[in-house]
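The values are calculated or read from the model by the stated rules, or taken from the named source; none is laboratory data. Source: prediction; values computed, not measured. Here the Cβ positions follow ideal geometry from the backbone for every residue, glycine too, while neighbour counts run over all protein chains shown. When the accessible area is computed, the model is the full protein with side chains, heavy atoms only, and any ligands, DNA or RNA have been set aside. Shrake-Rupley method; radii C 1.70, N 1.55, O 1.52, S 1.80 Å.
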Amino acid sequence: MPRVSLATATADVAARDAALARLIEAAGPFRPRAKNPDGHFGALVRAIAFQQLAGAAATAIHGRFRNLVDGPLTPESVLALREEDMRAVGLSNAKTASIRDLAAKVADGTVVLGSGVNRQSDEEVITRLSTVRGIGRWTAEMFLLFELRRLDVWPVDDLGVRQGYGLTFGHAPAPTAKELGPLGDRFRPYRSIVAWYCWQAVHLHRAGIPLADLSLR
């Protein structure tokens, strides 16, 4: 499928549903976060460091870890670090093992993060990343969506996406992961756009902006 702009993809999904169109108008343009300055490998290292931690604590630990490496963050530079030094900056034993396993699998070609990753399907990327200790489907999907900018990712296990879908489309209670899967089919091949706006629906709701009328047809 040819690459399309984010604006074109957003306009396409907005045209398919009036409630989603109103959410898009309320939330504004699709604004994915910036790609990681340390590249694909750095993005995955950060994802592991941030698992199960609040933002400020995770940011501090990741920053201290990054300072262990003088220069580019590469699999080789990570594998050259002493495990005790990694743990000393606040990484748990499990996260230290996960980051080292990621580095080893990128180095030996099990996980492809160079130009070859662009030739892999979403499911192939997920399958390969899931061989890494501590990386599951959700982490792989976030990598696809935010780092690789894949447009048809549908993270049904994400609570925020499920809650946002419920708020936007008047689905109460929010759909389960199993229920959400087929609900996204009508938005192919731009489900990433819809997922992002489901997150925005949650943010708007928490900010006290009423969303009840979004589900009105």
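Tabulated values for the structure
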{"read-out": "Test: residue in the stretch 88-97 that is in contact with a Leu (Cβ under 6 Å, 6 or more places away or on another chain) and not hydroxyl-bearing (Ser, Thr, Tyr)", "value": "no"}
{"read-out": "Any chance PRO155 is open to solvent by less than 40 Å² (accessible area, probe 1.4 Å), outside any helix (DSSP H, G or I), in contact with a Lys or Arg (Cβ under 9 Å, 6 or more places away or on another chain) and farther than 30 Å from ARG100 by Cβ", "value": "no"}
{"read-out": "Qualifying residue in the stretch 2-21 (condition: in a helix (DSSP H, G or I), surrounded by 17 or more Cβ atoms within 10 Å (Cβ to Cβ), under 20 Å from the mean Cα position of the chain (by Cα) and modelled with pLDDT under 95)", "value": "yes"}
{"read-out": "Filter result (open to solvent by 20 Å² or more (accessible area, probe 1.4 Å) and not aromatic (Phe, Trp, Tyr)) within the stretch 127-141", "value": "THR127, ARG128, SER130, THR131, ARG133, GLY134, GLY136, ARG137"}
{"read-out": "Residue count for the stretch 95-123, restricted to those that are touching a helix residue (DSSP H, G or I) at 6+ places or on another chain (Cβ under 9 Å) and in a helix (DSSP H, G or I)", "value": "14"}
{"read-out": "Out of GLY160, GLY164, GLY134, sole residue that is in contact with a helix residue (DSSP H, G or I) (Cβ under 8 Å, 6 or more places away or on another chain), touching a residue at least 12 places away in the same chain (Cβ under 8 Å) and assigned to a loop (DSSP other than H, G, I, E, B)", "value": "GLY134"}
{"read-out": "Among the candidates GLU76, GLU123, residue that is within 18 Å of the chain's Cα centre (by Cα), exposed (fewer than 14 other Cβ atoms within 10 Å of the Cβ) and not β-branched (Val, Ile, Thr)", "value": "GLU123"}
